[in-house]
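Heads up, the thing below is written out as structure tokens.
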């Protein structure tokens, strides 16, 4: 049995035309114990998808099974079995850290003590502040409390909607380390993120854009499906270089990529591009690189 | 003092009670420069930006923005700058055209100027057919590009961009940066914060705040050399891991 099966899910908003289409026939499966990433920009449909998967929103078409149960028929059972951390902080700001965690444990008919081993690694970091009101916590601490509350009933599937959005690089790294530990405890985790670089930290990812899944694969699988030569180039005049690359007949696409520009080759490779750039007489540095998820995402978007 | 410098900060400090949010920062930004202002959450970036845009009075230190003093000439500063952020940029329940007219009106632009430039901007953004649509109906990437055009509509000397590309897709993110380059070419100084480290590479110079102080400042190349690493991501992690203060 799969942990999650999503089959041709459709969702649109608005009572009359023009409808806003959030999900246009989304399908994928998540294995038990997998750390599965849903990667896409704002407005791609990530939150609508998570709300459907957690029984908080009805789809207009298609069906979803979570932990072997139907999200429409068995919504009550599903709610007992999943943990959900929404994108916006949604704990009780005027309850203390400890009270929030107790509250969530109680409504799921359990206690902090019964499941302490599961949340220990995360909760122990905020336990020194257990009498502080949740509203008075720093962003990083709020995130840890929210994750503890989503876990306290030992869910079989954990849904995390953009847990790292707006979070700086250091805290993001820490958060992903926590997720890896949780996965080793056998919990299936679905996590959404707009940060392409986080894809590499998942077992498998679905790349989503404008309500459609563009690809579902392991990060390595997505990279190997890129299928074209990718070259990185830099020079002292990056703006000029970009225009040159765009004008090259062998180049399919060229765009800035951090310190370098990336050139996706239509045909030919390093040698051909090298010869082309030499003609302008300006110094440059050129090397072949492995595409990363962001290169793949852009190539899929432009298809 | 060089006329080329549009932002000068010397030992700029902001305290809230016993808490020093910004702790004696000093730096200059040149005309037409793209200046990346990085730091972990809670490092003091927002407080520093609020002082530089005339919204918050410093506790001590000196700063001038577009030639105006941050203590005495805050109104003149506000007229000389543009601002956009990820969180707040445009009015969702006004149309594209209404937003432009509203912001331009606030900055005292004339009707003819507004009319001419609105047409130009909509054409440039390929948004002519969206002119009368509500902003809330636009995709995020379009909104952010429109918000940037609105922030520089009155041709400010400096534009402050607070995480302008958060959550934006990778293609639109690059289109947004090409707009930043175009603005800088016309002499507008760009002061930008971001969580995307590849974008730090697109800046002429970058400063990194840690616990209220500027711990590193230089071109991306200089910073990578100084810290002996190959990417801005590693520079950032090396510095930010030293932080002792909790994020907000």
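The values are calculated or read from the model by the stated rules, or taken from the named source; none is laboratory data. What you see is a predicted model, and the numbers here were worked out from it, not measured in a lab. Cβ atoms come from the backbone with ideal geometry, glycine included; neighbour counts cover every protein chain shown.
In this entry, residue A:26 is excluded by the filter for residues that are at pLDDT 95 or above and under 20 Å from residue A:155 (Cα atoms).
The number of residues in region B:107-163 being within 21 Å of residue A:166 (Cα to Cα), touching a helix residue (DSSP H, G or I) at 6+ places or on another chain (Cβ under 7 Å) and within 13 Å of another protein chain (Cβ to nearest Cβ) comes to 4. The criterion of at least 1 residues that are within 12 Å of chain A (Cβ to nearest Cβ) is met by the following strands (runs of 3 or more DSSP E) wholly inside region B:178-248: B:189-193, B:205-210.
Considering each residue of region B:96-106 in turn, none proves to be at the interface with another protein chain (Cβ under 10 Å from one of its Cβ atoms) and crowded, with 18+ Cβ neighbours inside 10 Å. Which count do you get for residues in region A:166-199 that are under 10 Å from the mean Cα position of the chain (by Cα) and either within 14 Å of chain B (Cβ to nearest Cβ) or surrounded by fewer than 22 Cβ atoms within 10 Å (Cβ to Cβ) (or both)? Result for region A:166-199: 8. Within region A:102-117, not a single residue is assigned by TED's automatic domain parsing to the domain that holds residue A:79 and within 27 Å of residue B:40 (Cα to Cα).
When region A:71-113 is examined, which residues are found to be touching a residue at least 40 places away in the same chain (Cβ under 8 Å) and within 21 Å of residue A:181 (Cβ to Cβ)? Selection gives A:81, A:82, A:83, A:84, A:85, A:97, A:101, A:104, A:105, A:110, A:112. Tell me, please, whether a residue that is touching a strand residue (DSSP E or B) at 6+ places or on another chain (Cβ under 8 Å) and surrounded by fewer than 16 Cβ atoms within 10 Å (Cβ to Cβ) can be found in region B:71-78. Checking region B:71-78: at least one residue is touching a strand residue (DSSP E or B) at 6+ places or on another chain (Cβ under 8 Å) and surrounded by fewer than 16 Cβ atoms within 10 Å (Cβ to Cβ).
The sole residue among A:89, A:28 that is away from every other protein chain (no Cβ under 14 Å) and outside any helix (DSSP H, G or I) is A:28.
Is there a residue in region B:37-53 that is more than 14 Å from chain A (Cβ to nearest Cβ), out of contact with any strand residue (DSSP E or B) (no Cβ under 7 Å at 6 or more places or on another chain), crowded, with 17+ Cβ neighbours inside 10 Å and under 18 Å from residue B:193 (Cα atoms)? Yes. Candidates are the residues of region A:237-265 that are part of a helix (DSSP H, G or I) and away from every other protein chain (no Cβ under 14 Å); the one that is surrounded by the most Cβ atoms within 10 Å (Cβ to Cβ) is A:244. Restricting attention to region A:266-303, the residues that are in a helix (DSSP H, G or I) and either within 24 Å of the chain's Cα centre (by Cα) or within 14 Å of chain B (Cβ to nearest Cβ) (or both) add up to 10. The sole residue among A:44, A:146, A:105, A:59 that is touching a helix residue (DSSP H, G or I) at 6+ places or on another chain (Cβ under 6 Å) and either at pLDDT 95 or above or surrounded by 15 or more Cβ atoms within 10 Å (Cβ to Cβ) (or both) is A:59.
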